[in-house]
Amino acid sequence: MAASKDMLGSSSPLLLERSSFLPNSRDLLLRRPNELCFSPSLVLPTRKARLNAGRNFKAPVAAISERPPLIKRMWASEEKPVKFTVRAAFTVRKKSKEDIKETIANHLDALSDKIGRNVVLELISTQIDPKTKKAKKSGEAVLKDWSKKANVRTERVIYTAEFVVDSSFGEPGAIAVRNRHQREFYLETIVVEGFACGPVHFDCNSWVQSSRDHPEKRIFFSNKPYLPSQTPAGLRDLRENELKALRGDGKGVRKSSDRIYDYAKYNDLGNPDKGIDGVRPTLGGDEIPYPRRCRTGRPPTDSDMGAESRVEKPYPMYVPRDEAFEESKQDTFSAGRLKAVLHSLIPSLIASIDVDNHDFKGFHDIDKLYKEGLLLKEGLQDHLLKKLPFVSKIQESSQGLLRYDTPNIISKDKYAWLRDDEFARQAIAGINPVNIERLQVFPPLSKLDPEIYGPQESSIKEEHIVGQLNGMTVQQAIEAEKLYMLDFHDAYLPFIERINALDGRKAYATRTIFFLTQTGTLKPVAIELSLPSTTPSRPPKRRVLTPPTDATTHWTWQMAKAHVCSNDAGVHQLVNHWLRTHACMEPFILAAHRRLSAMHPVFKLLHPHMRYTLEINALARQSLINAGGVIESCFTPGQYCMEISAAAYRGWRFDQEGLPADLVRRGMAVPDPTQPHGLRLLIDDYPYASDGLLIWSAIEKWVRTNVDRYYPDTARIKSDAELQAWYAESIRVGHVDKKDEPWWPALDRPEHLTSVLTTLIWLASAQHAALNFGQYPLGGYVPNRPPLMRRLIPDDCLISITMNFT
């Protein structure tokens with residue numbers, strides 16, 4: 001034993017320089033010929049033979065051996081396994097911008113590191129120690145050179161550590177990290193070298209808190225995925241304990257450094273302590289069904305125990321620490337997200353920041369925003385940039401001018417948006433291409449209660465549109481799959497009376513009929529504008545407009561299209577964007593963190609698409625969808641915006657959220673096994689659908705490959721406790737208001753799992769991108785998609801036109 005200690009103990013650094021691994025005794029005995037192992041020269045000599053060799057004795061090195069049976073002699077006389085050293089590279093991402101407090105804390109950490117308050121690591125094996133019946137662990141190791149690298153100004157800093165393990169340690173499956181510094185740091189990766197299995201990688205991407213705030217060690221698992229039933233013995237307890245820690249106990253106020261995922265209703269959108277104008281209904285529950293959000297645990301308001309108190313900017317809204325933006329993502333998001341909704345803010349900014357303090361008087365006033373800029377009031381620039389820091393990222397001049405980028409919609413043809421063909425094109429290729437549907441019943445029918453909202457049949461008659469159908473009757477056009485519709489009637493009509501009672505807000509519930517021409521493009525042939533009945537005995541007021549024939553009807557038609565676009569902007573933002581790709585995703589994300597281990601292959605598949613959604617949703621609750629927030633201030637429904645979103649949730653179905661199912665539901669495609677994706681599109685020039693099916697198929701293929709790898713049969717899916725718990729909790733807790741719906745897909749076969757995972761990834765990635773990234777290019781020019789309408793269309797034909805697109 002002394003000989004082996006002298007040979008391997010003193011020479012281990014040399015061994016690590018010459019090889020990135022050392023096999024343990026068990027691996028050596030099990031290796032086949034031509035596998036990497038110690039050479040026969042590693043047979044340990046006797047002490048006498050070693051002394052006689054003197055300076056000619058050489059330390060063993062890794063080599064290829066054709067005769068592994070000789071290795072048995074190496075340990076034949078050993079009493080204990082041989083110890084050796086492995087090294088870890090520890091990558092920390094640093095902030096590029098630090099305030100004075102962070103700079104001081106960094107210096108304090110560097111000083112404390114010198115006196116022993118440092119970062120301590122410990123390797124954890126996949127194997128159980130037969131003596132302790134617990135996972136084998138290495139000795140503790142300390143990160144080197146933290147203080148020496150304190151002033152390094154690179155984005156990433158790599159530190160090293162050395163662990164001493166013995167040859168029976170086995171493969172490392174986890175690593176424990178204790179941060180004894182003053183402040184947190186962002187741990188990106190850890191790579192451990194020196195084991196026979198090769199380098200072991202840990203993709204951490206997590207904030208490691210100071211042990212003063214969180215005394216327990218942080219556990220990171222290696223990149224190797226394991227189903228629950230396949231978890232190595234040494235990692236089983238760690239796997240379960242980590243999930244318990246992430247679930248928390250459902251009590252107390254969450255701190256910004258916490259990593260706890262839990263559920264709550266949307267009871268923090270209003271602030272009743274500010275009076276009646278700040279009251280908003282709770283979303284979620286039998287009265288107003290809605291998905292659940294991430295719980296923060298904040299105390300109730302003083303005036304309503306059912307309402308959670310608010311946190312206003314600049315203070316952060318709680319999300320689990322690893323869901324918060326890291327620095328580079330924060331910069332990207334601030335510019336991108338706020339620029340996307342900038343078009344909604346333009347009108348409301350004018351009165352408060354413009355030196356002339358007037359509304360838009362015509363198109364030339366709007367054009368000036370992109371050409372000349374907006375002259376700010378004196379002394380307002382600093383205040384504006386504090387309130388809306390994204391404005392400077394759009395474009396700011398040193399002369400007190402605020403100038404916006406020219407949106408794509410007017411960059412080449414400033415009048416394109418006025419034409420009917422562009423109005424129709426945006427229905428299938430614009431920022432909201434998911435509402436267009438094929439007209440299958442004429443006249444269109446409402447699903448609203450006729451006792452409350454009047455006759456369900458639309459007022460659009462055949463005589464309104466027959467002259468626009470290229471000689472077809474309406475029935476012939478329907479059978480030829482030529483008629484399509486944008487139908488916002490049922491989404492808006494229950495709220496129109498309350499919306500129109502608000503100061504400076506007016507809306508209709510609209511329907512628009514389109515005809516598919518011989519060139520494959522759509523043209524609008526009728527618009528229906530509906531208002532609710534003012535008295536129970538009178539029918540609702542409906543008005544049908546058709547393409548213009550003279551100058552007066554031209555502008556009436558243009559204003560009707562503006563109201564359609566305003567409806568479209570509201571449904572796009574409140575339903576298709578926020579509800580379907582943000583709010584409805586949150587329960588699946590919360591359940592994934594609570595029920596799926598980081599080692600689970602399904603978690604690894606979903607995590608890149610789930611990350612940061614909780615942070616974005618929290619920011620939305622803080623400043624976008626809250627009472628008096630951007631959405632209420634700048635969209636026609638005002639304080640009823642989120643109630644429209646909640647009403648749409650009543651009709652939400654997860655089984656119809658996948659692209660193929662959605663296209664079939666809207667009548668935009670029909671099943672056809674001869675087509676590449678099993679569907680035949682009824683409009684060839686439908687970019688969202690044709691491009692989307694390519695992306696959907698790629699996602700589905702990737703998901704199916706993963707599912708087939710880990711779930712070859714039904715039994716494996718049904719026996720996966722973590723997978724079943726994740727899906728069940730997503731429905732029974734996260735979407736509890738819809739838990740009894742019969743349409744939820746069963747998670748009992750590989751094809752069902754593939755469908756569920758493909759749908760979630762589609763919604764979080766491609767679907768969200770289609771609904772999000774075109775907001776400023778198409779909506780940045782306000783007349784093209786006016787989010788807020790202030791006037792109804794006058795009834796008389798001799799109207800004086802003033803463009804009130806604000």
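Want the number for D405 to N470: 0.36 nm per residue separation, take away the alpha-carbon distance, what's left?
In short, 19.3 nm is gained.
Could you tell me what fraction of 2.2 N^0.38 Å the Cα radius of gyration of the stretch 573-681 comes to, as a two-decimal ratio?
1.33
How far apart, in nanometres, would the label points at K523 and E193 be if each is projected 7 angstrom from Cα along the Cα-to-Cβ direction?
Result for the modelled spin labels: 7.0 nm.
Could you put L445, L235 in order of accessible surface area, largest first, with the 1.4 Å probe and the full protein assembly present?
Ranked from most to least accessible, the order is L445, L235.
Looking at this model, which pairs from K137/K255; K265/K739; K83/K149; K361/K561; K97/K274 are more than 26 angstrom apart at the alpha-carbon?
Result: K137/K255; K83/K149; K97/K274 exceed 26 Å.
What does the net charge come to around T705 if you take all other residues with beta carbon closer than 15 Å to its beta carbon, with K and R at +1 and D and E at -1?
+1
Can you check what the net charge comes to around M789, using other residues whose Cβ is under 10 Å from the Cβ of M789 (Lys, Arg +1; Asp, Glu -1)?
Summing Lys/Arg as +1 and Asp/Glu as -1 gives +4.
What trypsin sites (Lys or Arg not before Pro) in the stretch 146-223 are in a loop by DSSP, with at most 13 other Cβ atoms within 10 Å of the Cβ?
Passing sites in the stretch 146-223 are K148, R153, R212.
Find out how many positive minus negative residues lie around S719, taking Lys and Arg as positive, Asp and Glu as negative, among other residues whose Cβ is under 14 Å from that of S719.
-1
Farthest toward the dipole's positive end in the stretch 582-665, which of Q622, P601, F588, given Cβ charges of +1 (Lys, Arg) and -1 (Asp, Glu) about the Cα centre?
Value computed over the given set: P601.
Show me the trypsin sites (Lys or Arg not before Pro) within the stretch 230-325 that DSSP assigns to loop and that have at most 15 other Cβ atoms within 10 Å of their Cβ.
Those satisfying the criteria are K251, K255.
For the stretch 252-333, with only Lys/Arg (+1) and Asp/Glu (-1) charged at the beta-carbon, what is the dipole magnitude about the Cα centre, in debye rounded to 20?
That gives a dipole near 160 debye.
Please work out how much length the chain gains when fully extended from I276 to Q230, using 0.36 nm per residue of separation minus the C-alpha to C-alpha distance, in nm with one decimal.
10.9 nm
Please state, to two decimals, what the Cα-based radius of gyration of the stretch 502-655 comes to when divided by 2.2 N^0.38 Å (N = residues).
Cα Rg divided by the expected 2.2 N^0.38 Å: 1.39.
Ordering V434, V664 by accessible area with a probe of 1.4 Å, largest first, what comes out?
V664, V434
Enumerate the amide H contacts of Y263 below 5 Å, restricted to partners 5 or more residues apart or on another chain; note that Pro and chain-start residues carry no placed amide H.
R295
Under 5 Å between amide H atoms, partner at least 5 residues away or on a different chain: which partners does F185 have, H built in plane at 1.01 Å?
Here V208 satisfy the definition.
Mark the label point 7 Å from the Cα of S147 along Cα→Cβ and return the residues of the stretch 84-114 whose backbone N is within less than 12 Å of it.
Once the point is set 7 Å along Cα→Cβ of S147, 108-114 turn out to lie under 12 Å by backbone N, inside the stretch 84-114.
What value in Å³ per residue do you get for the convex hull of the alpha-carbon atoms in the stretch 542-581?
Cα convex hull per residue, to the nearest whole number: 68 Å³.
Report the Stokes-Einstein translational diffusion coefficient (µm² s⁻¹, integer) for the stretch 515-560, Rh taken as the Kirkwood radius over Cα pairs, at 37 °C with viscosity 0.692 mPa s.
Reported coefficient: 259 µm²/s.
Using +1 on the beta carbon of Lys and Arg, -1 on that of Asp and Glu, and nothing else charged, what's the dipole of the stretch 669-806 about the Cα centre, debye to 20?
260 debye
Two decimals, Cα atoms only, Kirkwood Rh: what is Rg/Rh over the stretch 415-531?
With Rg and the Kirkwood Rh in hand, the quotient comes to 0.99.
Only loop residues by DSSP count here, and only those with at most 11 other Cβ atoms within 10 Å; note down the chymotrypsin sites (Phe, Trp or Tyr not before Pro) in the stretch 508-605 that meet that.
Hits after loop and neighbour filter: nothing returned.
Once phi is turned into ³J(HN,Hα) by the Karplus curve 6.51 cos²θ - 1.76 cosθ + 1.60 with θ = phi - 60°, what whole-Hz value does each residue of the stretch 612-617 show in order, with x for glycine and proline?
6, 4, 4, 5, 4, 5
Taking the alpha-carbon distance from K95 and a cut-off under 16 Å, which aspartates and glutamates remain once sequence neighbours fewer than 8 residues away in the same chain are dropped?
In chain and number order, the partners are D109, E155, E184, E188, D322, E326, E327, D331.
Assuming R0 = 35 Å, can you tell me the calculated FRET efficiency for the pair I158 and K313, based on Cβ-Cβ distance, to the nearest 0.05?
After rounding to 0.05, the efficiency reads 0.45.
Tabulate in residue order the Karplus-calculated ³J(HN,Hα) for the stretch 167-180, using 6.51 cos²θ - 1.76 cosθ + 1.60 with θ = phi - 60°, rounded to whole Hz; enter x for Gly and Pro.
After applying 6.51 cos²θ - 1.76 cosθ + 1.60, I find 5, 9, 5, x, 8, x, x, 8, 9, 9, 10, 10, 9, 9 Hz.
The values are calculated or read from the model by the stated rules, or taken from the named source; none is laboratory data. Everything quoted here is computed from the prediction, not taken from an experiment. Please note: Cβ atoms are built from the backbone with ideal geometry, for glycine as well, and neighbour counts cover all protein chains shown. Protein only, heavy atoms only, side chains kept; ligands, DNA and RNA dropped before computing areas. Shrake-Rupley method; radii C 1.70, N 1.55, O 1.52, S 1.80 Å.
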